[in-house]
Every structure is written in structure tokens, then in C-alpha cells.
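Notes for the one structure printed next.
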């Protein structure tokens with residue numbers, strides 16, 4: 001098959017130019033469509049990234065709040081532990097004065113009377129007891145009973161002198177035995 005082109009050269013050139021222009025327009029149109037599709041995809045990608053960034057930011061804020069709350073609880077737990085240790089230390093050094101007085105009363109001979117009892121749990125000797133009795137034997141008996149008591153230690157006879165009505169005034173000093181003190185529970 002043979003093609004014979006009988007068109008005048010001007011028309012031929014116009015036709016070639018029209019084909020070229022049509023090809024150029026279609027290539028431009030394809031580029032515009034591609035750029036539009038890329039723009040839509042970029043806009044969608046940007047929207048997705050912004051949404052994910054917003055979600056991540058809110059998660060970070062939520063976790064920050066949880067961390068702050070955790071730190072508050074941790075500080076509270078440490079404070080409670082410190083107070084518990086302080087309470088345990090106070091409990092270890094606590095003096096049950098009712099037991100001390102009861103032990104003194106149990107160990108006091110019948111002829112001994114107290115004039116004064118000075119107690120100070122912070123210094124040694126813890127107690128200074130001044131009293132009256134009828135004989136030195138009662139003072140010695142009282143001192144021995146206090147020494148044998150589970151609550152008292154370091155009992156020292158300080159002084160005695162004969163006072164009015166033939167009564168002996170005496171002074172004893174002694175310490176409290178902390179580990180001997182126990183809480184008694186009634187059942």
C-alpha cells in the first residue's frame with residue numbers, strides 16, 4: 001500500500017503543527033492532572049500527618065499527666081514511709097508511765113512514803129525519788145527491789161538524813177530499762 005499525500009504543503013505544515021500542538025496540549029494536560037493528583041495526595045498526607053501529630057501530642061499530654069500523678073503518689077508514699085518510720089521510732093522509745101508507776105508501787109515497802117518523784121526520759125538518771133521511811137533497812141530493801149525489777153536499772157542511793165519525827169529522808173536515783181516495757185493487751 002502506497003500513500004499519496006495530495007495536500008498542499010501549507011496544509012501539511014498546518015496539520016503537522018496542529019498534531020504537534022495537540023500532542024503538546026495533551027502532554028501539558030497529563031502533567032496538570034499528575035500535579036493535581038500529587039497535590040491531592042500531598043494534601044491528604046498532610047491531613048493524616050496533622051491528625052497523627054495531634055493524637056500523638058494528646059497522648060504525650062495524657063502520659064505527662066499520668067507521670068505527674070504517679071510522681072505525686074510516689075512522693076505521698078515516701079512521706080507515708082517516712083512518717084511510719086518516725087512513728088515506729090517514737091513507739092520504740094515510748095514510755096508507759098502507768099506501768100512505771102505500777103512497778104514502783106509494787107516494789108515499794110510498806111514503811112516507805114514518797115515525798116517527790118521526778119521523771120525525765122531524756123536524761124540520765126531518768127528518775128529521782130525522795131521519800132521517808134522508819135529505818136535504813138527499808139531503804140536498802142527498796143533499793144534492792146528496784147534493782148531486781150525488770151523496769152529499772154542503775155539504782156543509786158544518793159543520800160539519807162534523819163528528819164523530824166525520827167523519820168529518815170532519803171534520795172534514790174535510777175534509770176528506766178526501755179526494753180523491759182511492753183504493751184499489755186487485755187483480752
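The values are calculated or read from the model by the stated rules, or taken from the named source; none is laboratory data. Everything quoted here is computed from the prediction, not taken from an experiment. Don't worry about glycine lacking a Cβ; one is built from the backbone with ideal geometry, like all the others, and counts go over all protein chains shown.
Some points to look at:
- Screening residue 10 against (1) surrounded by 10 or more Cβ atoms within 10 Å (Cβ to Cβ); (2) in a helix (DSSP H, G or I) leaves a single unmet condition, (1).
- Close contacts from the stretch 65-89, counting a first residue that is on the phi > 0 side of the Ramachandran plot and loosely packed, with under 10 Cβ neighbours inside 10 Å and a second that is modelled with pLDDT of 95 or more and part of a helix (DSSP H, G or I), with Cβ to Cβ under 6 Å and a gap of 6+ residues or different chains, come to none at all.
- Within the stretch 153-183, the set of residues being closer than 24 Å to residue 91 by Cβ and at pLDDT below 85 comprises 176, 177, 178, 179, 180, 181, 182, 183.
- Residue check, residue 122 under 31 Å from the mean Cα position of the chain (by Cα) and under 27 Å from residue 159 (Cα atoms): yes
- Residue satisfying all of: in the stretch 95-110; at pLDDT below 85 and either in a loop (DSSP other than H, G, I, E, B) or over 17 Å from residue 153 (Cα atoms) (or both); farthest from the chain's Cα centre (by Cα) among these: 110
- Scanning the stretch 64-94 for residues that are closer than 30 Å to residue 120 by Cβ and either assigned to a helix (DSSP H, G or I) or under 10 Å from the mean Cα position of the chain (by Cα) (or both) gives 82, 83, 84, 85, 86, 87, 88, 89, 90, 91, 92, 93.
- Taking the stretch 134-168 as the range and being more than 48 Å from the chain's Cα centre (by Cα) and part of a helix (DSSP H, G or I) as the test, the residues that pass are 136, 137, 138, 139, 140, 141, 142, 143, 144, 164, 165, 166.
- Sole exception among (1) at pLDDT 85 or above; (2) surrounded by 10 or more Cβ atoms within 10 Å (Cβ to Cβ); (3) within 30 Å of residue 161 (Cβ to Cβ) for residue 116, by number: (2)
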